[in-house]
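Presented below is the structure to which this report refers.
The values are calculated or read from the model by the stated rules, or taken from the named source; none is laboratory data. Quick caveat: nothing in here was measured; it's all calculated off a predicted structure. Virtual Cβ from ideal backbone geometry, glycine too; neighbours counted across all protein chains shown.
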Amino acid sequence: MLLEDQHPDNKSIMIAVLGRPNAGKSSLINHLLGFDLTVVTSKPQTTRNQFHCNVVIDRTEIVMVDTPGIHATNIEMNKRMNHQAEMGAEGVDLNFVLVDASIDPMNDIREFKKLFTMELSRTWIIFTKTDLVSDAPYEKWFKEIQTMIPTAERFFAISVKNENNIHELTGAICDAAQPGAHLYMDGAASNMNERFFAREYIREQAFKILKEEVPYELAVVIDEYKDAMKMDQAGGSHISASILVNRPSQRAIVVGKMGSNIKTIGTEARKKIEAMVGGKVHLNLHVKVSPRWFTNNYVLDELGLPRSQTQARVWRKK
Ligand SMILES: Nc1nc2c(ncn2[C@@H]2O[C@H](COP(=O)(O)OP(=O)(O)OP(=O)(O)O)[C@@H](O)[C@H]2O)c(=O)[nH]1
Ligand SMILES: [Mg+2]
């Protein structure tokens with residue numbers, strides 16, 4: 001479709017969805033999309049990259065930028081995750097700062113403010129998980145937040161579990177959208193491709209079944225992606241992926257007794273990838289020990305986590 005062919009009543013808005021790890025950013029995005037595009041788990045630091053998640057309601061295109069939760073860290077990968085969140089907020093029309101209402105929200109927002117170094121443009125504060133809170137002083141919290149984030153213009157107290165204020169939030173987003181062309185004229189759900197989401201869905205299953213530090217010292221890289229549609233290939237798509245771990249003992253945990261863990265990860269991820277591509281998928285998983293992969297530039301680049309410009313300058317000076 002050509003730009004000039006777009007409907008004259010089209011509206012559009014781009015929103016960065018920001019906050020601390022586990023605040024409910026990806027859950028809210030999936031809820032507004034109406035399907036599970038981005039990965040949600042009960043563990044903090046699930047989202048590692050910033051990317052667009054798009055939905056069109058009536059004639060309004062809403063582009064939500066999912067971002068990693070901002071956290072204090074000395075680990076190279078995690079610094080780059082924080083940088084991804086700041087990149088996600090660049091040039092957007094509106095920021096949502098999500099705050100979990102169920103655990104010490106004011107402490108959470110102070111930490112966020114300390115670690116998020118960018119100036120926030122127009123911002124709405126979204127208190128999340130209100131189903132877990134019986135009575136909370138949202139108005140008072142919001143007033144205090146405004147002293148830290150002067151661009152915070154309003155707040156919503158929501159829950160994706162019981163739909164509290166979701167309808168109101170959706171209406172307010174559509175009202176805030178400005179007349180203009182849709183960015184994704186072909187109706188694409190994301191700026192990331194199926195290869196990216198295949199990687200995410202494999203990692204999601206690993207995050208769900210593995211405990212303690214293993215999920216954080218694990219990454220997935222796609223070694224081969226043969227798309228049945230593109231190659232006109234009967235019998236489905238073929239995907240080979242490596243699950244990288246830091247230590248040999250973690251390899252044994254990921255594989256599990258008689259291969260039980262890797263089998264579950266593979267089966268569950270395959271089902272989700274098949275639903276995404278709308279066809280049969282053959283998924284081969286390998287577990288590889290790659291010591292300290294989370295400090296390795298090549299691996300981090302492959303994972304879509306480039307170093308920040310400030311880091312790059314420091315590196316070049318040496
Ligand atoms: N009870 C309740 N739980 C919620 C709600 N929203 C999210 N959660 C849960 O909170 C946990 C974290 O949700 P995510 O959406 O992954 O949080 P996130 O902010 O994207 O986390 P990171 O990607 O790690 O930064 C999951 O277990 C969700 O099911 C809610 O409205 N109510
Ligand atoms: Mg997330």
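For segment 130-151, the set of residues classified as among the aliphatic types (A, V, I, L, M) and either in a helix (DSSP H, G or I) or within 29 Å of ASP36 (Cβ to Cβ) (or both) consists of LEU132, VAL133, ALA136, ILE145, MET148, listed by residue number.
Screening GLY88 with (1) within 16 Å of ligand 2 (Cβ to nearest atom); (2) free of Cβ contacts under 8 Å to residues at least 60 places away in the same chain gives one miss only, at (2). Looking at segment 18-31, which of the residues that are of a type in the set (A, V, I, L, M) and in contact with an Asp or Glu (Cβ under 8 Å, 6 or more places away or on another chain) is nearest to ligand 1 (Cβ to nearest atom)? Step by step, filter segment 18-31, then rank; the result is ALA23.
If you go through segment 88-104 one residue at a time, do you hit one that is over 25 Å from ASN162 (Cβ atoms), more than 11 Å from ligand 1 (Cβ to nearest atom), part of a helix (DSSP H, G or I) and not aromatic (Phe, Trp, Tyr)? Yes, segment 88-104 contains a residue that is over 25 Å from ASN162 (Cβ atoms), more than 11 Å from ligand 1 (Cβ to nearest atom), part of a helix (DSSP H, G or I) and not aromatic (Phe, Trp, Tyr).
Let's see how each residue does on (1) at positive phi; (2) touching a residue at least 24 places away in the same chain (Cβ under 8 Å); (3) in contact with a helix residue (DSSP H, G or I) (Cβ under 6 Å, 6 or more places away or on another chain); (4) of a type in the set (Phe, Trp, Tyr):
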| site | (1), (2), (3), (4) |
| --- | --- |
| SER190 | no, yes, no, no |
| ASN193 | no, no, no, no |
| GLN205 | no, yes, yes, no |
| VAL221 | no, yes, yes, no |
| ALA234 | no, no, no, no |
| SER240 | no, yes, no, no |
| VAL255 | no, yes, yes, no |
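Scanning segment 190-220 for residues that are outside any helix (DSSP H, G or I) and surrounded by 17 or more Cβ atoms within 10 Å (Cβ to Cβ) turns up SER190, MET192, LEU210, LEU218, ALA219, VAL220. I'd like to verify a number: residues in segment 32-53 that are within 8 Å of ligand 1 (Cβ to nearest atom) and outside any loop (DSSP other than H, G, I, E, B), how many? Number satisfying all stated conditions: 0. Examine segment 161-178 for a residue that is away from ligand 1 (no atom under 16 Å from the Cβ), out of contact with any strand residue (DSSP E or B) (no Cβ under 8 Å at 6 or more places or on another chain), within 28 Å of PHE96 (Cα to Cα) and of a type in the set (Val, Ile, Thr), and state whether such a residue exists. There is no residue in segment 161-178 that is away from ligand 1 (no atom under 16 Å from the Cβ), out of contact with any strand residue (DSSP E or B) (no Cβ under 8 Å at 6 or more places or on another chain), within 28 Å of PHE96 (Cα to Cα) and of a type in the set (Val, Ile, Thr).
Candidates ILE15, ILE70: the one that is β-branched (Val, Ile, Thr), outside any loop (DSSP other than H, G, I, E, B) and crowded, with 19+ Cβ neighbours inside 10 Å is ILE15. In segment 253-284, which residue that is of a type in the set (Gly, Ala, Ser) and either at pLDDT below 95 or in contact with a Ser or Thr (Cβ under 6 Å, 6 or more places away or on another chain) (or both) is surrounded by the fewest Cβ atoms within 10 Å (Cβ to Cβ)? In this case the residue turns out to be GLY278. Of the residues ASP108, ASP66, the single one that is within 16 Å of ligand 2 (Cβ to nearest atom) and touching a Ser or Thr at 6+ places or on another chain (Cβ under 6 Å) is ASP66.
Against the list (1) within 13 Å of ligand 1 (Cβ to nearest atom); (2) modelled with pLDDT under 95; (3) not charged (D, E, K, R), the condition PRO8 fails is (1).
Of all residues in segment 222-252, those satisfying the criterion of being of a type in the set (A, V, I, L, M) and surrounded by 17 or more Cβ atoms within 10 Å (Cβ to Cβ) are ALA228, ILE239, ALA241, ILE243, LEU244, VAL245.
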